[in-house]
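The values are calculated or read from the model by the stated rules, or taken from the named source; none is laboratory data. Quick caveat, the model's predicted, so the values are computed rather than measured. Neighbour counts run over all protein chains shown; Cβ positions are idealised from the backbone, glycine included.
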Amino acid sequence: MFNIVGLEELVFGVEDIKGCTQYLVDYGLTPVVLSEVGGRFEAADGTAVIIWRSDHPMLPEPMTGHPSIRESVYGVDNLATLDAIAAEVGKDRDVRRGADGSVHFRDEEGFALGFKVTRRRAIASAVRAAPLDQAGVLQGMAVVPQTLSHVVYFVRDYARQERFYQERLGFITTDTFTGVGPFMRAAGSADHHQVFFIQTPPFLNGVEHFTFHFQSGTHVMLAGTHFANKGYQSFWGPGRHIFGSNWFWYFNSPFGCKVEFDAEMDQHDDNWVARHAPMTADNAQLFLFSQAEKFVPGGPPPGGAKATHV
């Protein structure tokens with residue numbers, strides 16, 4: 001329906017600019033704009049997290065009871081697509097146009113959505129075997145977030161959200177946790193999902209987590225280990241999902257949601273047939289590791305090692 005190529009930016013209103021800045025830098029994003037009232041933090045392809053002080057006038061108004069996430073912005077192919085989106089959604093809701101032609105409105109649950117012509121940079125991120133006589137992994141190897149991957153919302157009515165994203169924005173449902181919610185991809189992307197809706201009581205309405213793609217499962221393990229060693233609290237992982245097949249490692253964050261490291265997500269076209277399954281531990285993860293302290297093989301076991309996931 002519309003050539004929406006994927007998430008371009010996530011915009012947050014936060015109280016602790018310094019703490020959130022350090023978190024995103026330690027995660028691996030590059031600060032390209034930084035001030036006392038906010039900043040822009042980019043992955044390798046230019047997709048980004050933007051933070052503003054929570055009372056900044058640049059921010060959309062917060063949803064009741066969840067002040068952190070303020071807008072999810074998707075990239076599209078050109079201005080004609082922006083005009084078409086504005087015409088479609090403007091049939092029954094207020095639409096604001098930015099000076100750059102960007103389109104802004106709220107979805108069925110009240111989440112602020114933006115659409116703009118993508119400015120993402122092309123990157124060479126394919127996973128390859130190491131060349132002959134070169135090691136595949138090295139101490140200190142660079143691990144950089146590649147591109148903004150997906151966002152997960154807690155919603156009151158996932159069926160209503162699914163219909164809106166399908167019928168008005170052209171998203172495709174790739175898989176569904178029965179009675180819980182759908183994974184959906186934008187028509188201009190082959191990624192398994194850019195958004196996942198989870199049915200919850202109204203008081204949980206908000207964002208559950210967001211993530212950037214990393215180059216490989218090895219990069220997820222390296223980045224997550226680096227993050228944990230800096231003292232950030234692991235929530236779930238490392239492991240590998242079944243729906244989407246992506247590697248994952250989730251951490252608590254100061255953004256009012258979890259933040260994930262992910263890699264190697266399934267790719268789909270219109271021939272894919274969506275699956276349905278209950279959301280159980282067996283269906284949520286193919287396997288799950290527990291982080292433990294380092295030890296030398298043949299030496300004593302790592303005493304007192306504790307799993308870092310919940």
Number of positions in segment 20-58 that are touching a helix residue (DSSP H, G or I) at 6+ places or on another chain (Cβ under 7 Å), within 18 Å of ARG70 (Cβ to Cβ) and among the charged types (D, E, K, R): 1
Unique match (being within 17 Å of the chain's Cα centre (by Cα), surrounded by fewer than 19 Cβ atoms within 10 Å (Cβ to Cβ) and over 30 Å from ASP282 (Cβ atoms)) among VAL137, VAL117, VAL144: VAL144
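This table checks each residue for (1) surrounded by fewer than 17 Cβ atoms within 10 Å (Cβ to Cβ); (2) at negative phi; (3) in contact with a Cys (Cβ under 6 Å, 6 or more places away or on another chain); (4) without any contact (Cβ under 8 Å) to a residue 40 or more places away in the chain.
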| site | (1), (2), (3), (4) |
| --- | --- |
| MET184 | no, yes, no, yes |
| GLY188 | no, yes, no, no |
| GLN194 | no, yes, no, no |
| LEU204 | yes, yes, no, no |
| HIS209 | no, yes, yes, no |
| PHE212 | no, yes, no, no |
| GLY217 | no, yes, no, no |
| LEU222 | no, yes, no, no |
| HIS226 | yes, yes, no, no |
Segment 52-63 residues that are under 19 Å from VAL33 (Cβ atoms), paired with ones that are surrounded by fewer than 17 Cβ atoms within 10 Å (Cβ to Cβ) and of a type in the set (D, E, K, R) (beta carbon under 7 Å, 6 or more apart): SER54/GLU15
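When you scan segment 147-159, do you find a residue that is in contact with a helix residue (DSSP H, G or I) (Cβ under 6 Å, 6 or more places away or on another chain), assigned to a strand (DSSP E or B) and touching a residue at least 24 places away in the same chain (Cβ under 8 Å), even just one?
Initially, segment 147-159 is screened for residues in contact with a helix residue (DSSP H, G or I) (Cβ under 6 Å, 6 or more places away or on another chain), giving 154-156.
Still in the list and also assigned to a strand (DSSP E or B): 154-155.
Cutting the leftovers down to touching a residue at least 24 places away in the same chain (Cβ under 8 Å) gives us 154-155.
Yes: one or more hits.
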Identity of the residue in segment 228-265, touching a His at 6+ places or on another chain (Cβ under 8 Å) and surrounded by fewer than 18 Cβ atoms within 10 Å (Cβ to Cβ), that ends up nearest to GLU71 (Cα to Cα): GLY256
Leading residue by the ranking (surrounded by the most Cβ atoms within 10 Å (Cβ to Cβ)) among those in segment 153-167 that are more than 19 Å from GLY114 (Cα to Cα) and not basic (Lys, Arg): TYR158
Those residues of segment 25-52 which are farther than 30 Å from PHE164 by Cβ and outside any loop (DSSP other than H, G, I, E, B), in sequence order: VAL25, ASP26, TYR27, THR30, PRO31, VAL32, VAL33, LEU34, SER35, GLY39
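Results for (1) closer than 15 Å to TYR165 by Cα; (2) crowded, with 17+ Cβ neighbours inside 10 Å, shown as yes or no for each residue.
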| position | (1), (2) |
| --- | --- |
| MET63 | no, yes |
| ARG70 | no, yes |
| ASP77 | no, no |
| THR81 | no, yes |
| ILE85 | yes, yes |
| VAL89 | yes, yes |
| ASP94 | no, no |
| ARG97 | no, no |
| SER102 | no, yes |
Qualifying residue in segment 206-216 (condition: modelled with pLDDT of 90 or more, aromatic (Phe, Trp, Tyr) and part of a loop (DSSP other than H, G, I, E, B)): no
Residues (among the β-branched types (Val, Ile, Thr), over 19 Å from GLY13 (Cα atoms) and assigned to a strand (DSSP E or B)) located in segment 70-124: VAL76, VAL103, VAL117
